[in-house]
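Everything below concerns the one structure shown next.
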Amino acid sequence: MFSPEGPSLRELAVQALSSVERGYDLLAPKFDHTPFRTPDSVLDAVASALRRLGPFDAGLDLCCGTGAGVGALTGVCAKSVTGVDFSAGMLDVARRRTVSRGPRVSWVRGDARALPFAPGSFDLVVSFGAFGHFLPRELPGLFAQAREVLRPGGCFAFPIVAPPRPSSPAYWMLLGFDAVMRVRNALWRPPFVMYYRDFRLGDVRRELAGAGLQVELHALPEFGERPDGSPRVRMVVARRPA
């Protein structure tokens with residue numbers, strides 16, 4: 001699963017026994033060499049779909065990590081792109097690795113549940129692979145924050161992968177991972193929240209609508225279809241009413 005440049009098993013164990021913030025501070029220098037980084041194929045597909053929905057001036061990458069999503073947004077937004085994350089270590093890596101030849105790029109340390117931006121600061125908010133770090137009860141507040149920083153007519157967009165079928169090895173792998181995390185959090189403090197199976201499309205659509213956002217689903221054709229004809233990967237677009 002990991003390249004030679006990635007973290008060792010010992011380093012992963014130390015991270016897993018830390019808080020989420022401290023864990024990512026420790027992992028940051030090697031994060032881009034792990035499977036936890038969003039693949040370029042997903043970033044490129046989302047960026048392509050967003051360009052068809054634009055134009056956008058100011059974009060925000062929520063839980064930006066080492067800046068891969070910010071790099072993708074520099075080809076989508078005309079004026080500025082901001083990355084926000086609560087891990088100082090991840091932001092340090094992002095600053096060093098992200099280069100923009102177009103819009104202004106800035107980095108802010110902050111919590112996605114209490115964003116440090118004025119209302120209506122952005123016309124596009126995105127997030128890649130971060131929602132497993134939020135408990136289901138936190139989604140209403142998280143989505144309300146995204147709505148608050150959007151301008152009227154702005155979009156909150158993120159990819160979501162169709163869940164694996166119970167007959168697939170991936171289903172049991174994710175089930176086992178979540179079970180291990182729940183046992184870890186029952187026995188160890190501080191907790192490390194990372195639950196891959198709690199972010200379900202039906203729940204997400206309901207909570208986005210509850211936050212006052214109008215939800216659309218866009219198939220990402222680059223990833224094909226499942227045997228039943230449904231998309232393997234969708235982009236959720238939640239618009240703040242104009």
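The values are calculated or read from the model by the stated rules, or taken from the named source; none is laboratory data. Values in this document were obtained by computation on a predicted structure and should not be read as measured data. A quick note on method: Cβ atoms are made from the backbone with ideal geometry, for glycine too, and the neighbour counts reach across all protein chains shown. Areas reflect the complete protein model, heavy atoms only, side chains present, ligands, DNA and RNA absent. Shrake-Rupley method; radii C 1.70, N 1.55, O 1.52, S 1.80 Å.
Suppose the filter is among the β-branched types (V, I, T) and farther than 23 Å from D44 by Cβ; does V161 pass it?
no
Against the conditions (1) touching a residue at least 24 places away in the same chain (Cβ under 8 Å); (2) closer than 28 Å to V180 by Cβ; (3) assigned to a helix (DSSP H, G or I); (4) open to solvent by 60 Å² or more (accessible area, probe 1.4 Å), where does G23 fall short? Just the number, please.
The one condition G23 does not meet is (4).
What's the number of the condition G212 fails, among (1) on the phi > 0 side of the Ramachandran plot; (2) out of contact with any helix residue (DSSP H, G or I) (no Cβ under 8 Å at 6 or more places or on another chain)?
That leaves (2) as the condition not met.
Quick grid of which residues meet (1) over 17 Å from F156 (Cα atoms); (2) free of Cβ contacts under 8 Å to residues at least 12 places away in the same chain; (3) not acidic (D, E):
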| residue | (1), (2), (3) |
| --- | --- |
| P191 | yes, no, yes |
| M194 | yes, no, yes |
| L208 | no, no, yes |
| L213 | no, no, yes |
| E216 | no, no, no |
| P227 | yes, yes, yes |
| R240 | no, no, yes |
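Return the residues of the stretch 216-240 that are over 18 Å from A47 (Cβ atoms) and touching a Pro at 6+ places or on another chain (Cβ under 7 Å); say none if nothing qualifies.
Once the filter is applied, which keeps residues that are over 18 Å from A47 (Cβ atoms) and touching a Pro at 6+ places or on another chain (Cβ under 7 Å), the stretch 216-240 yields E225, R240.
Give, as residue ranges, the strands (runs of 3 or more DSSP E) completely inside the stretch 75-141 that count at least 3 residues that are buried (at least 22 other Cβ atoms within 10 Å of the Cβ).
Counting at least 3 such residues, we get 77-85, 122-127.
List, please: which pairs have Cβ atoms under 7 Å, are six or more places apart or on different chains, and start with a residue in the stretch 141-169 that is more than 24 Å from P221 (Cα to Cα) and end with one that is among the polar types (S, T, N, Q)?
Listed by first residue and then by second, the contacts come to V149/S121.
Restricting attention to the stretch 47-58, which residues are outside any loop (DSSP other than H, G, I, E, B) and open to solvent by 20 Å² or more (accessible area, probe 1.4 Å)?
Correct list: S48, R51, R52, L53, D57.
Please find, within the stretch 59-68, the residue that is surrounded by the most Cβ atoms within 10 Å (Cβ to Cβ) out of those that are without any contact (Cβ under 8 Å) to a residue 60 or more places away in the chain and over 18 Å from L150 (Cα atoms).
T66
Please state which one of R97, R51, R113 is under 26 Å from R240 (Cα atoms) and over 16 Å from the mean Cα position of the chain (by Cα).
Criteria check complete, one pass: R51.
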